[in-house]
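See structure below.
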Amino acid sequence: MILGIDVGNYYTKTSVGVNFISKVSNSSGILTNDPVIIGEKTMYLEEGECDTEYRKAYKESYLYLLLGAILKSTTDKENKLVVGLPLSQYKVDKGYLINRILQSNIAKDVDVQPEGVVSVNIDYTGIVVDIGGGTTDICLLENEGGRRKVKQPYSIPKGILNLESEFINYINGEYGLDLLPTDADRIIKNGLYIYGEKKQFNMNVYKEFVESLVRRIQVDYSLKTNNITLVGGGAYRLYMAFKKRVPQTEIVKNSFYANANSYAAIGRRIWTRWKFQ
């Protein structure tokens, strides 16, 4: 099977609609967890903590998350995968990641693509902001002589995981609670209730991050004359704040799965073409 797999800092997603939190542990939890075995080592999905290694290709948890995604997505034994790396790590770490995956024997073949930019239309020109769990990658896409060019890419080591942690620290400090970052999404969606009484809170942590991004983007690109598109798992959380600040902001369709779906489409083009050559 040809699979697109987006191993994110926060969630791992696949092109068949599978997703799970990007945690592995050598101990199973109270509830039944999916075991993933590589060699003689068994790890359990969705337990432990998120891997904080900045360079994705070197994450200790990476192969276990990748194999877990395969096992959850297909019963096929021979699979061809397309995965991604942040723009700032793509050129440096692509070869290493391909070799690491192939040497593990968990896939028949693999290709690596740059995250974010592959999920916008091929004829798109403008700014792309890829908001992930632990990083935010920004670049300008231009068309030169009929070919897409990536201009001035850079990465900020902060993403939705960091923002959720800061948000919960604010809530805990304001109301004397002991909530965890994993509670952030629930509170934002449903409100904050303490002993049944609804409490007020603000979203300044997210708004301030958007403002800092806009200030940085304005230094490197022309915001007034360029399109801007948000992609990545955190795009939905920051979209409205971006839209209020930069009116032409758009969000890629199905942003949570956009990378994984685009990887699968690329894989079909690669391996279907080879099949008929």
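Tell me, which strands (runs of 3 or more DSSP E) wholly within the stretch 1-82 include 3 or more residues that are within 14 Å of the chain's Cα centre (by Cα)?
Where strands (runs of 3 or more DSSP E) fall fully within the stretch 1-82 and carry at least 3 residues being within 14 Å of the chain's Cα centre (by Cα), they are 2-7, 11-14, 19-21.
Residue check, residue 221 against (1) aromatic (Phe, Trp, Tyr); (2) in contact with a helix residue (DSSP H, G or I) (Cβ under 9 Å, 6 or more places away or on another chain); (3) touching a residue at least 40 places away in the same chain (Cβ under 8 Å), all met but one. Which one?
(2)
Hey, can you tell me all the residues within the stretch 152-176 that are among the aliphatic types (A, V, I, L, M) and open to solvent by less than 30 Å² (accessible area, probe 1.4 Å)?
160, 163, 168, 171 - these are the residues of the stretch 152-176 that are among the aliphatic types (A, V, I, L, M) and open to solvent by less than 30 Å² (accessible area, probe 1.4 Å).
Would you confirm whether any residue within the stretch 119-127 is surrounded by fewer than 23 Cβ atoms within 10 Å (Cβ to Cβ), assigned to a strand (DSSP E or B) and in contact with a Gly (Cβ under 9 Å, 6 or more places away or on another chain)?
Looking for residues that are surrounded by fewer than 23 Cβ atoms within 10 Å (Cβ to Cβ), assigned to a strand (DSSP E or B) and in contact with a Gly (Cβ under 9 Å, 6 or more places away or on another chain), one finds none in the stretch 119-127, hence no.
Just to be sure before I move on: is residue 88 open to solvent by 40 Å² or more (accessible area, probe 1.4 Å) and touching a helix residue (DSSP H, G or I) at 6+ places or on another chain (Cβ under 6 Å) in the structure I sent?
Against the criterion (open to solvent by 40 Å² or more (accessible area, probe 1.4 Å) and touching a helix residue (DSSP H, G or I) at 6+ places or on another chain (Cβ under 6 Å)), residue 88 does not qualify.
For every residue, the table says whether it meets (1) open to solvent by less than 80 Å² (accessible area, probe 1.4 Å); (2) among the small types (Gly, Ala, Ser); (3) more than 24 Å from residue 118 (Cβ to Cβ).
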position: 141; (1), (2), (3): yes, no, no
position: 145; (1), (2), (3): no, yes, no
position: 178; (1), (2), (3): no, no, yes
position: 193; (1), (2), (3): no, no, yes
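For (1) within 19 Å of residue 110 (Cα to Cα); (2) out of contact with any helix residue (DSSP H, G or I) (no Cβ under 6 Å at 6 or more places or on another chain); (3) buried (at least 16 other Cβ atoms within 10 Å of the Cβ), each residue gets a yes or a no:
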residue	(1), (2), (3)
2	yes, no, yes
14	yes, no, yes
22	no, no, yes
39	no, yes, no
47	no, yes, yes
50	no, yes, yes
53	no, yes, no
68	yes, yes, yes
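So if I check each of 231, 246, 219, which one is more than 19 Å from residue 134 (Cβ to Cβ) and open to solvent by less than 60 Å² (accessible area, probe 1.4 Å)?
Unique residue meeting the criteria: 246.
Yes/no matrix, rows are residues, columns are (1) under 23 Å from the mean Cα position of the chain (by Cα); (2) within 21 Å of residue 9 (Cα to Cα):
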{"residue": "192", "(1), (2)": "no, no"}
{"residue": "196", "(1), (2)": "no, no"}
{"residue": "200", "(1), (2)": "no, no"}
{"residue": "206", "(1), (2)": "yes, yes"}
{"residue": "211", "(1), (2)": "yes, no"}
{"residue": "219", "(1), (2)": "no, no"}
{"residue": "226", "(1), (2)": "no, no"}
{"residue": "233", "(1), (2)": "yes, yes"}
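The values are calculated or read from the model by the stated rules, or taken from the named source; none is laboratory data. Keep in mind that what you see is a predicted model, and the values were worked out from it rather than measured. Every residue, glycine as well, gets a Cβ built from its backbone with ideal geometry; the counts of neighbours run over all protein chains shown. We work out accessible area using only protein heavy atoms, side chains counted, and drop any ligands, DNA or RNA first. Shrake-Rupley method; radii C 1.70, N 1.55, O 1.52, S 1.80 Å.
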